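Each remark here refers to the structure printed beneath this line.
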Amino acid sequence: MTNSLRPQGPLGTPLPPARQPTRGVPGPRSSPASPGADAASAAPGTAPAKPAKQRDAFFDNAKYLAIVLVAIGHSWEPVKSHSRALEALYTVVYAFHMPAFILISGYFSRGFDMRADRLKRLVTGVAVPYVIFEVAYSLFTRWADDDPGQAISLLDPLYLTWFLVALFVWRLTTPLWKLVRWPLPVALLIAMLASVSPDIGDDLDLQRVLQFLPFFVLGLYMKPEYFQLMRRREVRILSVPVFAAALAVGYWAVPRMSTGWFYHRDSAQEFGVPWWTGPVMVLVLFACSLLLTACFFSWVPRRKTWFTALGAGTLYGYLLHGFLIKGGVYGGWFDHDWLHEPLGQAFVTLVAATVVTLLCTPPVQRVFRFAMEPRMAWAFKRDATEIARERVGAGKS
């Protein structure tokens with residue numbers, strides 16, 4: 001089952017509007033200025049760097065709404081089996097909620113390079129939380145499911161932690177995607193090849209890493225004006241019949257197609273279909289996901305709302321809500337018959353949206369920051385640029 005920034009992007013693209021480190025989509029702790037800003041600020045007699053611009057409310061709103069859909073989708077899994085309509089809605093949501101989140105992750109990774117401070121942020125903001133939550137989910141499964149055989153393996157991501165592995169790999173390969181002449185076709189080719197390679201296995205959930213890769217690569221090459229186009233009034237109007245058609249297709253496809261295709265975690269052979277079905281499904285689902293993602297972005301508010309500030313805590317909500325969903329499954333919370341009726345399913349939806357909203361709030365972020373954003377200054381050598389700045393400052397004083 002599924003589900004988290006800077007200087008000039010590839011090919012000299014302008015900075016994204018959201019310039020500050022984003023907890024929901026972890027990024028390197030760095031100044032949002034141009035790559036030469038650090039050297040300029042360290043030189044004596046130069047003017048201090050300009051303060052970073054405010055965060056763009058549109059992206060925080062989009063991340064919050066996407067993570068709410070992730071939590072709602074997970075809450076539907078235990079109660080949708082007897083409802084074809086809910087299964088269809090579940091299919092449509094799964095077609096775009098993670099692609100939208102991954103595309104934003106790619107957009108805010110445009111400035112990633114191998115600079116020391118960004119590598120540190122990658123380790124502390126992605127790798128370390130992965131280790132912590134992989135161990136935590138494994139221990140939780142042992143206790144809640146009374147399964148002492150549940151192994152702790154950092155090579156086999158459990159439940160929601162696959163996204164952290166994927167984000168680590170994707171962001172680490174960002175400099176390579178800046179060099180490739182045709183990045184998106186290459187990423188699609190890799191995803192297509194993965195869909196016919198069952199021998200990839202489950203290590204690091206590489207099937208998902210590779211099959212979702214095109215959405216991240218596309219995000220790397222997105223420009224602010226592309227998002228402006230998706231937020232035009234005519235796009236919002238057209239999105240209504242598009243979503244209606246998607247629901248109709250989803251309703252038709254429920255008894256005819258496995259929803260496992262939307263998880264992107266298995267090869268065609270594992271579905272028991274001809275090998276060529278895998279590449280075809282990769283292309284079809286990529287096109288469908290992009291269309292629905294564009295429709296989703298068209299309805300995301302561009303102004304500040306009551307939930308805009310929660311966009312900075314979406315990775316907290318993503319990783320923490322899984323304990324409640326898993327705990328509910330293990331504890332039999334979803335076994336009540338009334339929860340499988342329309343009113344009960346609506347109640348589950350409301351509870352899931354409320355819970356994940358609370359998990360994105362600043363108080364929860366403060367409590368769990370030790371696990372999600374550890375500083376770990378003790379683990380790294382001091383950056384030479386930082387030392388030079390201190391020497392310059394001491395000399396001026």
Assertion target for Glu234, Glu77, ordered by fewest C-beta neighbours within 10 angstrom first, is Glu234, Glu77
Taking the alpha-carbon centre of each part, the distance from the range 188-265 to the range 288-327 in Å is 16 Å
Here D for the range 221-303, in µm²/s, from Stokes-Einstein with a Kirkwood Rh over Cα pairs at 25 °C and 0.890 mPa s, works out to 168 µm²/s
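Estimate the FRET efficiency between Leu154 and Ala353 by the formula 1/(1 + (r/R0)^6), using the beta-carbon distance for r and 35 Å for R0, to the nearest 0.05.
So the FRET efficiency works out to roughly 0.65.
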Cα pairs beyond 19 Å in the range 94-151, in percent, come to 56 percent
Gyration tensor on Cα atoms of the range 271-343, a ≥ b ≥ c root eigenvalues, a/c under 1.5 rounded, else prolate if a/b beats b/c, else oblate, says oblate
Quick calc, the range 211-334, dipole around Cα centre from Cβ unit charges on Lys, Arg (+) and Asp, Glu (-), nearest 20 debye, gives 580 debye
Simple SL model, points at 7 angstrom along Cα→Cβ for Ala346 and Leu179; separation in nm is 5.7 nm
Taking a crude spin-label model, label points 7 Å out from Cα along the C-beta direction, the Trp306 to Ile237 distance in nm is 3.1 nm
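Pairs Lys63/Lys304; Lys120/Lys326; Lys120/Lys223; Lys63/Lys326: which exceed 20 Å Cα-Cα?
Lys120/Lys326; Lys120/Lys223; Lys63/Lys326
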Here, Ala248 and Leu139, labelled 7 Å along Cα→Cβ, have an inter-label distance in nm of 5.2 nm
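Values quoted throughout were computed directly from the atomic coordinates according to the rules given, and no laboratory measurement underlies them. Keep in mind that this is a model prediction, so the values were computed, not measured. Counting neighbours? That spans all protein chains shown, and the Cβs are built from the backbone with ideal geometry, glycine included.
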